[in-house]
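FYI, it's all coordinate maths here, none of it is from the lab. Please read all numbers here as calculations on a predicted model, not as lab measurements. Here the Cβ positions follow ideal geometry from the backbone for every residue, glycine too, while neighbour counts run over all protein chains shown.
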Amino acid sequence: MSSSYEISRIPRQFVEDLVPPKEICDDEKCPWHGTIRIRRRGILEGKVISAKMTRTVTVLIEYLHFSRKYDRYERRRSKIHAHLPPCIKVQEGDLVRIAEARRMAKTVSHVVLGKVRKGD
Ligand SMILES: [Zn+2]
C-alpha cells in the first residue's frame, strides 16, 4: 500500500482531482479509511459555511432550478450536514465535495470526500 488511492474504496473518478489525506484515521465513517460506502449518484459540491461542530460540517449547495411558469432558471440553495473525518482538514469558506452515504445521525447522511478549492 503505497498511496491512499490503493486503499480507498471511493470510485476513482470522484476523487482523482483531490489531494488524498496525508494521515490515516481510524474513523469508521471516513470514506477513505473507514467502512462506510458512498452512493455514486449522490456526489455534490458546495461551500463549507460552518465548521464548528465536532466531525460535522454544514455545506451550502447552490443549484439552478428551471421554472416553467417564468421560463427561466431560479437559484436555489440548500444546506447539508456532512460528516467530516479527522484526516480531512477544512475551514469555513472552502469548497468541498461530498457524497451521500448511509444515515449517520438525525440530520447527517453525507460524508466529505475532500477539499476542491481553498476559500478566501
Ligand atoms: Zn480518514
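Write down the percent of antiparallel bridges among all DSSP beta bridges whose residues are both part of the chain, to the nearest 5. Kindly include the intermediate steps, with their values, before the conclusion.
Numbers: 29 of 32 bridges.
Percentage antiparallel, nearest 5: 90.
Could the peptides 89-97, 58-66 be put in order, highest first, of the mean number of other beta-carbon atoms found within 10 Å of their residues? Don't skip to the answer; put the middle values down first.
Values: 89-97: 16.1, 58-66: 13.6.
The packing order, highest mean first, is 89-97, 58-66.
Before rounding to the nearest 500, sum -39500 (n - 2.57) across all DSSP H runs of length at least 4 in the chain and divide by the residue total; then give [θ] at 222 nm in deg cm²/dmol. All intermediate terms of the calculation are to be shown ahead of the outcome.
Working: 1 runs with 4 residues, N = 120.
Result for the chain: -500 deg cm²/dmol, rounded to the nearest 500.
Report the local net charge at R37: Lys and Arg +1, Asp and Glu -1, summed over other residues whose C-beta lies under 12 Å from its C-beta.
On the way: positive: R9, K29, R39, R40, R102; negative: E28, E100.
Within the 12 Å Cβ shell, the charges total +3.
When the convex hull of the C-alpha atoms of region 4-117 is computed, what volume per residue in Å³ does it have?
That works out to 117 Å³ per residue.
Work out, step by step, the length gained on full extension between R68 and E16: first 0.36 nm times the residue separation, then minus their alpha carbon distance; give nm to one decimal.
Between R68 and E16, full extension yields 15.0 nm more.
What is the distance in Å between the Cα centroid of region 78-92 and that of region 40-60?
Each part reduced to its Cα centre gives a spacing of 5 Å.
Using Cβ counts within 10 Å as a stand-in for footprinting exposure, how do L44, L113 rank, fewest first? The partial results should precede the final answer.
On the way: L44 17, L113 24.
Final ranking by Cβ density, sparse to dense: L44, L113.
Here are some pairs, K89/K118; K52/K79; K29/K79; K47/K106; K79/K106; K22/K106; which of them have Cα atoms lying more than 18 Å apart in this structure?
Among K89/K118; K52/K79; K29/K79; K47/K106; K79/K106; K22/K106, the Cα-Cα distance tops 18 Å for K29/K79; K47/K106; K22/K106.
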